[in-house]
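Here is the structure we will look at.
Nothing in this text is a laboratory measurement; each read-out follows from the coordinates by a stated rule. Worth saying up front: this structure is predicted, and the values here are computed from it rather than measured. Because the Cβ atoms are built from the backbone with ideal geometry, glycine has one as well, and the counts that use them run over all protein chains shown.
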Amino acid sequence: MRIAQVAPLYESVPPKLYGGTERVVSYLTEELVRQGHEVTLFASGDSQTRARLVSPCARALRLDARCRDPLVYHILMLEQVFREAADFDLIHFHIDYLHFPLVRRQLTPALTTLHGRLDLPDLVPLYREFGDLPVVSISNAQRQPLPWLNWQGTVYHGLPPDLYTFQPQPGSYLAFLGRISPEKRPDRAIDIALRTGMPLKIAAKVDRVDRAYFEEVIRPRLRHPLVEYLGEIGEAEKNAFLGNAYALLFPVDWPEPFGLVMIEALACGTPVIAYRCGSVPEVLEHGVTGYIVDGLEEAVRAVERIPLLSRQQCRQVFEARFSVARMARDYLAIYERLRHTRPPAVSVGLPADGRPVATADSVVTAA
């Protein structure tokens with residue numbers, strides 16, 4: 001099949017440092033190439049891929065100090081995509097909704113994976129207007145604010161089996177990996193570590209929008225001898241960071257769409273302690289791959305119960321549920337269905353009358 005993958009331009013594919021969506025696009029792209037499909041990747045010019053690479057910019061925009069308006073390069077990328085649209089059997093978008101008006105006006109089947117939160121009120125009128133377009137969720141929980149969209153399925157993220165090394169012996173520290181932000185709640189991770197008396201290592205980036213939170217809430221607490229802040233780390237460092245941890249702390253306080261770091265930890269054999277938000281109950285198996293908690297006291301008790309879990313079983317669950325081969329298989333089933341059910345393109349917008357559209361039958365990955 002001739003497939004286009006369209007990635008955000010803020011990070012390279014795969015990212016040099018932090019970047020969940022771009023990482024998943026990379027894994028999917030390389031697996032599709034491995035399976036013999038003809039894949040074109042639209043991404044930043046510093047991306048690394050075996051697919052054909054088409055780029056509107058030389059490097060990832062977040063790390064390019066000269067970039068002042070990232071929307072410019074996304075518009076250029078859309079022009080590149082739709083200039084070649086007739087050459088593809090399917091175009092798979094990972095850039096939220098920027099492409100929606102163009103998709104509606106062309107004939108090549110297109111699919112959009114929604115990677116972010118969907119509970120923002122501003123999204124409702126937009127998705128009402130474009131509710132006919134086929135979309136995929138990355139967890140069933142992600143769908144809840146907009147259950148009437150044209151959902152084609154839920155496809156959980158997957159990782160290459162050899163990306164992370166299984167570590168049979170637990171380390172002596174708790175780990176926090178991701179972003180320093182109010183919704184990720186590193187302050188909760190610090191509280192858990194101090195209550196249990198265990199060292200905590202924080203490997204996380206600080207976005208500009210979260211700088212005040214970092215300076216006012218987190219930085220003063222980094223002075224405690226149990227807390228070590230490592231800054232943002234890359235893929236090469238994550239294997240040891242996660243594999244040598246006693247447990248990963250995932251104390252989120254928002255409707256987490258998926259939480260890639262949870263399955264990265266499981267791939268290393270490291271169990272996860274996570275707050276019950278968003279996708280967490282779909283990804284973790286309570287008492288098997290970690291503990292799902294509802295507050296600080298439960299989190300502290302969960303740390304004490306980590307020795308009851310099997311690191312080998314954490315790895316086995318990862319291999320059974322979260323492999324890149326399974327992710328690619330799920331997407332290919334949706335691609336094939338869309339190839340045979342694509343309605344004609346329209347030349348004008350559909351009525352925005354606020355009525356839900358009929359949805360396609362879901363192909364939901366078993367939890």
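Only Cα sites of segment 196-297 enter the Debye sum here, all with the same form factor; the resulting log10 I(q)/I(0) across q = 0.17, 0.21, 0.24 1/Å is -0.90, -1.33, -1.48, listed in q order.
The mean sequence separation of alpha-carbon pairs under 8 Å and at least six residues apart, normalised by the residue count of the chain, gives a relative contact order of 19 percent.
Quotient of the Cα radius of gyration of the chain and 2.2 N^0.38 Å, N being its number of residues: 1.00.
Net charge dipole, segment 203-310: roughly 260 debye, given to the nearest 20, about the Cα centre with Cβ charges of +1 for Lys and Arg and -1 for Asp and Glu.
Taking the charge dipole of segment 174-321 about its Cα centre, with +1 at Lys and Arg Cβ atoms and -1 at Asp and Glu Cβ atoms, the residue from Pro271, Leu226, Gln313 reaching farthest to the positive side is Leu226. Ordered by the number of other Cβ atoms lying within 10 Å of each residue's own Cβ, fewest first, His340, His286 fall into the sequence His340, His286.
Counting beta carbons within 10 Å around each of Thr112, Thr49 and listing the fewest first gives the order Thr49, Thr112. P(r) tail for segment 53-161: Cα pairs beyond 24 Å make up 35% of the total. The alpha-carbon atoms of segment 46-103 define a convex hull whose volume equals 101 cubic angstrom per residue. Mean residue ellipticity at 222 nm, helices only, the chain: -9000 deg cm²/dmol; runs of at least 4 DSSP H residues each add -39,500 (n - 2.57), and the sum is divided by the number of residues. Net charge dipole, the chain: roughly 280 debye, given to the nearest 20, about the Cα centre with Cβ charges of +1 for Lys and Arg and -1 for Asp and Glu. Projecting the Cα atoms of Phe130, Pro161, Gly19 onto the charge dipole of the chain (Cβ charges, centred on the Cα centre) puts Pro161 farthest toward the positive pole. For the chain, excluding the exposed loop sites themselves (trypsin sites (Lys or Arg not before Pro), DSSP loop, at most 11 other Cβ atoms within 10 Å), the longest remaining stretch covers 69-367. Estimated at 0.36 nm per residue, the fully extended path between Glu336 and Glu298 surpasses their Cα-Cα distance by 9.2 nm.
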